[in-house]
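Beneath this line is the structure, given in structure tokens, with notes to follow.
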Amino acid sequence: MRNSSIYLTSALLLIAWSATQAQTPRPTPARSQDEVVRVYTELVQTDVMVFDKQGKFVNGLTKDNFELRIDGKPRAIQAFDQITAGSDEESQLAAARGATTLNLKRPVPLDRGRIVFFYVDDIHIDHPGLVAAKKVITAFIDKEMGQNDQAAIASATGQIGFLQQLTNDRMILRIALDRLTPRSYSIRDSDRPPMSEYHASLIDRLDREVFDFFVTETLRNNPGMSRDTAAAIVRGRAQAIQSQAARLNQNTLLGLERLVQSAKNLPGRKVVFLLSGGFLIENRRGDSLSKLRDITNAAAKSGVVIYSMDTRGLVASLQDAGSDQPFDPSGRLTLSDRAELMATQDGMYALAVDTGGKAVFNTNDLRQGLAPAIQETSTYYLLAWKPDAESQKQGRFRNLEVKLIGRPDLTVRVRKGYFDLDPPAPVEAKASSKPPKTTSTPAKLREALTAPYPQRELPILISADYYDVAGKGPMLSTAIQMPGEFLVFGKQPDGKIQAIIDLSAVYYDDKGVFKTSFIERIVATQPSLEAANTNRKDITFTYPAKLPPGLYQVRVAARDDKSGKIGSAHAWIEIPDLSKKKLTISSLLLGELTPAMLTNVSNPEGVSPVALSASHRFKRESILRFLLFVYNTTFSPTDQQPDAAVQIQVIRDDQPVITTALRKVNTDGVTDLARLPYAAEIPLRELLPGRYMLKVTVIDRVSKQSTSRQTHFDVY
């Protein structure tokens, strides 16, 4: 059954409230934030970091401290700012790059947080390297990830699958990380003597010493063979190995390029950690060098900074006693192999330096490079300049140089350049055979639902909540809210003044397998256009889905029929398996008590129903009311009653601003002890505007078990 009202489970909330004694935590003030709004859409921008000799960011510089050169020619700095990553002002950088951001007219600072990607090159990484990569990603999840940060783990082979998505849910990131397994991609052939990719590269570049060594060994292993034949065999082996290596390098770099390009539509600055065991870019049978430049250009347009981490750690040589190495009494290969380590790091180094990042090499603990990287990318200077109109049409790669005037003691880190125009895409041989682009509403909704990141042209907000209903089992309630100021009303053929929204949702499991979906048309009617312009209420739609226990993602897309604008949103939800008899709680169901509803709270008959919130946005003068249900409590042998206690925390910027003592869950009047309800209220008047995390921990004092749930909410 479907319901376009927000009151899907408000009755549950009201019933639980009458059966449970409310607890009212006392909030303490949180820090304030100043808002700075600056947009330079007509200018070209770049972000710049400045460090002192101790590696600390230098604050307080002005544009007069900087000298900007494009292709060696001075260029005037038209705009200048110091930006903090994840702040509201940083979204202006994304706006100038063409990214769409959530831009509600109502004053709601979202404390957006940073965006961090981990790209694991599982093509060029061995088992010990993968262990090192997992350690550094785990360190980020456990210690460095902020309350409002978003992160994603991706791999060159795509083995993470559907979980290769941006999320602020640490549980999803841990599951994604667990899916990374070692992959073996050997590019050596079976001939003797064994030839490595590096040896093949040297032979392909006409290194006489290495070529002669392999020819001599081939003759020794094949008595009677002519030298010309042996030389042809060596060249053929080198070419085959180089061709295979080129394909693997192409896969690695293409995956990284797509990741960087896709980040263009995300707000603000993004950090990509490239975790790899190294790869060779000097390969005439591939286009690795041009692909590196394409990635650098895409990073400039997407606001991406790359930090390269060599998962091999501290190594003196890439050869060891266990390696299958040719016998080399003359030492000709040994001399050549000394440069192999640096050669395999050249591409990673270029990607880091050219995008304004840093290479983290030759350390056995990559975690030591993680925290400084996160910290140093959190603040930067934004320089903007006016491009030359004629040169912009040429589509050249522009070399970018930023220096500090009179400050040789400071280090400047900035990306190395950008293309005026993107290089032309390869012409497809059968372009005319492409099917015509469809413009139907269902097709556009499907396109939005399958996009890698939510679209914000039409901002929509969702909340996916789980609870268990007696006789029906687990239910997944999806609440979707569309802000009223974005609805476009018009006169319909029948004369009615209406806004029409086409809404669709798809439910996937953690493998990306389709489970269920719905599509609805929602109509909002106003008596006149004047009323529509002055009294636009938000539209909220709820959909209950019945799904078995498991991890799911809900993807929702909406399209305004009048304006054609589309918006989408994603949410993860885990439905626990209650049959395992483990202490579990439902989602935290949030609602809002406004001053108008607080008429006679001392009289139970006067308690107003509380609407569940899809947006989790509440006014400071209101009261947040939440409800949860506790499942699988253990009954005390003395009175056959559960003994559960609850602790509430409200967190901002990873710091608790409210923490309550443990409070017993009251069971008086509760008839269904298998679904023990608990409700509480939190006055918001003392909380400053911003994003908070509500965390509720339940302790079963009989079985000594504990569990917790958390969800975010915004105060404005």
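Laid out as a table, the results:
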{"read-out": "Single residue of the range 219-238 satisfying the filter (polar (S, T, N, Q) and assigned to a helix (DSSP H, G or I)) that is modelled with the lowest pLDDT", "value": "ASN221"}
{"read-out": "Meets criteria (touching a helix residue (DSSP H, G or I) at 6+ places or on another chain (Cβ under 8 Å) and buried (at least 20 other Cβ atoms within 10 Å of the Cβ)) for GLN526", "value": "no"}
{"read-out": "Matching entry among ALA132, ALA94, ALA85, ALA99 (being modelled with pLDDT of 90 or more and either of a type in the set (A, V, I, L, M) or within 30 Å of ALA451 (Cα to Cα) (or both))", "value": "ALA132"}
{"read-out": "Residues of the range 448-467 that turn out to be among the acidic types (Asp, Glu) and surrounded by 18 or more Cβ atoms within 10 Å (Cβ to Cβ), as a count", "value": "1"}
{"read-out": "Extreme residue, farthest from VAL506 (Cα to Cα), among residues of the range 447-461 that are charged (D, E, K, R) and touching a residue at least 60 places away in the same chain (Cβ under 8 Å)", "value": "GLU457"}
{"read-out": "The listed residue being modelled with pLDDT under 95 and part of a loop (DSSP other than H, G, I, E, B), out of SER323, SER262", "value": "SER323"}
{"read-out": "Residues of the range 171-182 that turn out to be surrounded by 14 or more Cβ atoms within 10 Å (Cβ to Cβ) and not hydrophobic (A, V, I, L, M, F, W, C), as a count", "value": "2"}
{"read-out": "Qualifying residue in the range 163-172 (condition: free of Cβ contacts under 8 Å to residues at least 40 places away in the same chain, over 16 Å from ILE123 (Cα atoms) and not β-branched (Val, Ile, Thr))", "value": "yes"}
{"read-out": "Qualifying residue in the range 154-161 (condition: within 15 Å of the chain's Cα centre (by Cα), farther than 18 Å from THR311 by Cβ and assigned to a helix (DSSP H, G or I))", "value": "yes"}
{"read-out": "Which listed residue is surrounded by 16 or more Cβ atoms within 10 Å (Cβ to Cβ) and touching a residue at least 24 places away in the same chain (Cβ under 8 Å), from LEU274, LEU254", "value": "LEU274"}
{"read-out": "Selection status of PRO193, part of a loop (DSSP other than H, G, I, E, B) and touching a Phe, Trp or Tyr at 6+ places or on another chain (Cβ under 7 Å)", "value": "yes"}
{"read-out": "Residue within the range 269-280 that is more than 28 Å from the chain's Cα centre (by Cα), at pLDDT below 95 and either of a type in the set (Ser, Thr, Tyr) or within 14 Å of ILE203 (Cβ to Cβ) (or both) present", "value": "yes"}
{"read-out": "All positions within the range 629-655 that are within 29 Å of the chain's Cα centre (by Cα) and modelled with pLDDT under 95", "value": "ILE651, ARG652, ASP653, ASP654, GLN655"}
{"read-out": "Hey, LEU590 touching a His at 6+ places or on another chain (Cβ under 6 Å), at pLDDT 90 or above and either assigned to a strand (DSSP E or B) or of a type in the set (S, T, N, Q) (or both) or not", "value": "yes"}
{"read-out": "Verdict on ALA674 being within 16 Å of SER587 (Cβ to Cβ) and of a type in the set (Gly, Ala, Ser)", "value": "no"}
{"read-out": "Test for ASP714: is it within 35 Å of the chain's Cα centre (by Cα), surrounded by fewer than 14 Cβ atoms within 10 Å (Cβ to Cβ) and not hydroxyl-bearing (Ser, Thr, Tyr)", "value": "no"}
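Conditions tested, residue by residue: (1) closer than 28 Å to TYR678 by Cβ; (2) touching a Cys at 6+ places or on another chain (Cβ under 9 Å); (3) at pLDDT 90 or above; (4) among the charged types (D, E, K, R).
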position: PRO576; (1), (2), (3), (4): yes, no, yes, no
position: LYS581; (1), (2), (3), (4): yes, no, yes, yes
position: SER586; (1), (2), (3), (4): yes, no, yes, no
position: PRO604; (1), (2), (3), (4): yes, no, no, no
position: ALA611; (1), (2), (3), (4): yes, no, no, no
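The values are calculated or read from the model by the stated rules, or taken from the named source; none is laboratory data. Keep in mind the model is a prediction, meaning the values are calculated, not measured. Cβ atoms come from the backbone with ideal geometry, glycine included; neighbour counts cover every protein chain shown.
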